[in-house]
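Student: Have a look at this one.
The values are calculated or read from the model by the stated rules, or taken from the named source; none is laboratory data. Since we're looking at a predicted model, the values are computed, not measured. Cβ placement follows ideal geometry from the backbone for every residue including glycine, while neighbour counts extend to all protein chains displayed.
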Amino acid sequence: MKIEGEGRLLRIFIGENDRWHGGPLYEAILKRVRERGLAGATVLRGLAGFGAHSRLHTARILRLSEDLPIVVEIVDQAERIEAILPELDEMIGDGLITLETVHITAYRSGGKA
């Protein structure tokens, strides 16, 4: 089954060392959006990057960084994405959030649309 429509893509740029209540922030974000029933989320670990403080974080062998860039991508309907934003604002200390309108094509094996 193929489901299509307009949605929102929420990208959260944070660091691997960012924490929420003693654990990794990216894990807390995943748990929160799953509890809220959002359609899906993916965590991507970057090879290199820099943010607001212009400090370079890299995975190169000679400079082992344990604070690599993390991107959390969440896709769902616009109103569901907008509803989670206040909770994310509370959780994220240093980081960046971007929002994009996207066309979603989801493939499902059977079941209801």
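Student: Any chance you could count how many residues in the stretch 45-71 are among the aromatic types (Phe, Trp, Tyr) and either assigned to a helix (DSSP H, G or I) or modelled with pLDDT under 65 (or both)?
Tutor: First pass over the stretch 45-71, keeping only residues among the aromatic types (Phe, Trp, Tyr): 50.
Pick out the ones that are also either assigned to a helix (DSSP H, G or I) or modelled with pLDDT under 65 (or both) and you get none.
Number satisfying all stated conditions: 0.
Student: Can you confirm whether the stretch 14-25 contains a residue that is among the acidic types (Asp, Glu), under 29 Å from SER109 (Cα atoms) and at pLDDT 90 or above?
Tutor: For the stretch 14-25, residues among the acidic types (Asp, Glu), under 29 Å from SER109 (Cα atoms) and at pLDDT 90 or above: absent.
Student: Does the stretch 76-91 include one or more residues that are at pLDDT below 95, loosely packed, with under 11 Cβ neighbours inside 10 Å and either of a type in the set (Lys, Arg) or over 16 Å from PHE13 (Cβ atoms) (or both)?
Tutor: No; the residues of the stretch 76-91 include none that is at pLDDT below 95, loosely packed, with under 11 Cβ neighbours inside 10 Å and either of a type in the set (Lys, Arg) or over 16 Å from PHE13 (Cβ atoms) (or both).
Student: Are any residues in the stretch 10-44 surrounded by fewer than 11 Cβ atoms within 10 Å (Cβ to Cβ), assigned to a strand (DSSP E or B) and not hydroxyl-bearing (Ser, Thr, Tyr), and if so, which ones?
Tutor: GLY23
Student: Okay, moving on. Looking at TYR107 and the list (1) modelled with pLDDT under 95; (2) under 14 Å from the mean Cα position of the chain (by Cα); (3) within 30 Å of ILE3 (Cβ to Cβ), which single condition is not satisfied?
Tutor: So TYR107 meets the others, but not (2).
Student: Now a separate question. Go through the residues of the stretch 1-9 one by one and say whether even a single one is buried (at least 17 other Cβ atoms within 10 Å of the Cβ), modelled with pLDDT of 95 or more and over 19 Å from HIS103 (Cβ atoms).
Tutor: Scanning the stretch 1-9, I find no residue that is buried (at least 17 other Cβ atoms within 10 Å of the Cβ), modelled with pLDDT of 95 or more and over 19 Å from HIS103 (Cβ atoms), so the answer is no.
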